[in-house]
1. Would you tally the residues in region 95-120 being acidic (D, E) and within 15 Å of the ligand (Cβ to nearest atom)?
2. Return the residue satisfying two criteria in turn: it lies in region 246-291 and is part of a strand (DSSP E or B) and either in contact (Cβ under 8 Å) with a residue 40 or more places away in the chain or among the acidic types (D, E) (or both), and of such residues it is farthest from L223 (Cα to Cα).
3. Which residues, taken from region 317-358, are out of contact with any Phe, Trp or Tyr (no Cβ under 9 Å at 6 or more places or on another chain) and within 16 Å of the ligand (Cβ to nearest atom)?
4. Taking interchain pairs and intrachain pairs at least six residues apart, which have beta carbon atoms under 8 angstrom, with the first residue in region 157-186 and in contact (Cβ under 8 Å) with a residue 12 or more places away in the chain and aromatic (F, W, Y) and the second more than 8 Å from the ligand (Cβ to nearest atom) and assigned to a strand (DSSP E or B)?
5. Residues of region 56-80 being surrounded by fewer than 19 Cβ atoms within 10 Å (Cβ to Cβ) and either part of a loop (DSSP other than H, G, I, E, B) or away from the ligand (no atom under 16 Å from the Cβ) (or both), which ones?
6. Please find, within region 140-157, the residue that is modelled with the lowest pLDDT out of those that are over 18 Å from E6 (Cα atoms) and of a type in the set (D, E, K, R).
7. Could we say that E154 is touching a helix residue (DSSP H, G or I) at 6+ places or on another chain (Cβ under 9 Å), in a loop (DSSP other than H, G, I, E, B) and charged (D, E, K, R) here?
8. If we keep just the residues of region 190-213 that are assigned to a strand (DSSP E or B) and not hydrophobic (A, V, I, L, M, F, W, C), which is surrounded by the most Cβ atoms within 10 Å (Cβ to Cβ)?
Amino acid sequence: MNRRRERVVVVGAGLAGSLAALYLARQGHEVDIFERRPDPRSALAGPEGRSINLGLSARGMRALDGVGLLADVLKHSVPMRDRVVHSPDGGVRAQPYGVREHEILHSVLREELISLVVSAAEAEPGVRFHFDSLLTSLDRETGTVRVAPTAGGEASTVTADLVVGADGVFSTVRQQMQHGLRANYAQDFLPWGYKELTIPVGTDGQPRVRLEALHVWPGHEALMVAHPNRDGSLTCTLFMAHEGPVSFAALDTPAAVWDFFRRRFPDAEELMPDLVREITEHPVGHLVTVRTAPWRYADRVVLIGDAAHAVYPFYGQGMNSAFEDCVVLDECLTAHPDRAAALAAYEAARKPHTDVLADLSTANFEDLRDRVHRLGYSASAAADRLLARLLPQRWVPLYAMVAHTTIPYADALARANRQDRILRRAGAGLTLAAGLAATAAALRVGRRRRAARR
Ligand code: FAD
């Protein structure tokens, strides 16, 4: 791929597509990137009901660092040093994210991040962005795409050596690339959706809660997380069922909204003065997992980001893994002179791991919903962290491996399972030892009592 200057078309200038364009341009290629939405740097581009801010962690940071963007992005972010859990009884408890100083997350505004990546890619020789341009069809045999201006007007066609489908969870590139092939596709909608709400800066100009943290309100029927913003506000994401007695559909009057928040998130109510208006006006987003294969066609087409592997957002890894795709694709294109082999190597290197990420993201939803506020959960998380401190080279908690390292997801899970087995064996050993000690003590007491009676 890096032997001659080739023509690449990237479809979708979201997070994955914009970063991929930058990586491909650094390999010396001509890159045309088509995006149906307006330029994210223009006033016209709104967040389209998507999450407003995102948690950036090690994988995403490594990918941004690879093109020299990390320092700039971090300047635009707020560090999240720990997770602050708000209990239904109004109690608040901090849970550290990692064991080492640098093991933190960074909250960054989606549009600011995309704007930074787009500007960097645009400054690269050979990159051309085409906003307001919708891909309508793809001929996978020739690498020809048809693109129509969203404002109306003549559609045009472009033929490329390689087409990169970075057009998100409902990818048109994926549909057209896989059409008629023996392709697998599974799409799981969570019965829960999400809505963005705001904790504005206080009337005194200060943040209403501790800023440098991810705030979590766990709950069985609804849960909420809040990411900090640089202006001192926080953006909350409320997750709950679309339909049913406790659902977005049921929050249909101001009284229902207040009643719901007073019962489920008592301390949150006073933090969100605009609650009723935001609940009424903000759209409900869908949460989708996509597992699919193949991710590529011959040496012509390849998928990255959500187009290849959308996951529920509960591990905060969708963007991070999309960015990681860009790094691995870049490495495979460099390592394999034959592009078909490079695309095959990329899919083989990524798919087993993003499938595991999908499982982890579902499991983390269940943890946030059912377990995070339980004492047992805090105790086992604390034991995990203690062991990581005592045995830093040998013991790494699963969350730390996922968020703070670039250990591939399936390897991280396998290692965490091994650690769990050790912990369980040690626990069982301790329980057995404690049981034997208790029995021995009881026998000794019994003997003494019998001796005293004699
Ligand atoms: P997208 O961001 O969806 O970009 C796809 C682009 O393609 C869009 O700009 C779209 O307009 C364009 N497009 C689509 N079709 C066409 C077409 N036919 N022609 C031209 N252009 C097209 N991830 C994290 O890592 N950390 C988090 O904290 C986090 N929080 C999240 C919270 C929520 C509530 C949600 C829903 C997601 C969250 N994610 C998070 C996941 C993250 O948002 C996604 O994984 C990420 O946006 C995927 O990037 P992408 O570029 O693959 O897709």
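1. Step one: filter region 95-120 for residues acidic (D, E), giving 101, 103, 111-112.
Narrowing further to those that are within 15 Å of the ligand (Cβ to nearest atom): 111-112.
Counting residues in region 95-120 that are acidic (D, E) and within 15 Å of the ligand (Cβ to nearest atom) gives 2.
2. Going through region 246-291, the residues part of a strand (DSSP E or B) turn out to be 247, 285, 288-291.
Checking which are either in contact (Cβ under 8 Å) with a residue 40 or more places away in the chain or among the acidic types (D, E) (or both) leaves us with 285, 288-291.
Working: G285: 15, V288: 17, T289: 19, V290: 23, R291: 25 Å.
By that ranking, first place goes to R291.
3. Answer for region 317-358, where residues must be out of contact with any Phe, Trp or Tyr (no Cβ under 9 Å at 6 or more places or on another chain) and within 16 Å of the ligand (Cβ to nearest atom): M319, N320, A322, F323, E324.
4. Listed pairs, sorted by first residue: Y185/V290; Y185/R291; Y185/T292.
5. We begin by selecting, within region 56-80, every residue surrounded by fewer than 19 Cβ atoms within 10 Å (Cβ to Cβ); these are 62, 65-66, 68, 70-72, 74-76, 79.
Hits for region 56-80 are G66, G68, A71, D72, K75, H76.
6. Going residue by residue through region 140-157, those that are over 18 Å from E6 (Cα atoms) are 146-156.
Of the ones still in play, those that are also of a type in the set (D, E, K, R) are 146, 154.
Details: R146: 98, E154: 94.
Among those that are over 18 Å from E6 (Cα atoms) and of a type in the set (D, E, K, R), it is E154.
7. Details: touching a helix residue (DSSP H, G or I) at 6+ places or on another chain (Cβ under 9 Å): no; in a loop (DSSP other than H, G, I, E, B): yes; charged (D, E, K, R): yes.
Taking the combined requirement at face value, the residue does not satisfy it.
8. Start the filter on region 190-213 by keeping residues that are assigned to a strand (DSSP E or B), which leaves 192-199.
Those still in the list that are not hydrophobic (A, V, I, L, M, F, W, C) too: 193-196, 198.
Values: G193: 19, Y194: 26, K195: 20, E196: 19, T198: 19.
Filtering first and then ranking leaves Y194.
The values are calculated or read from the model by the stated rules, or taken from the named source; none is laboratory data. Not measured: the values here are computed from a predicted model. Glycine also receives a Cβ, built like all others from the backbone with ideal geometry; neighbour counts cover every protein chain displayed.
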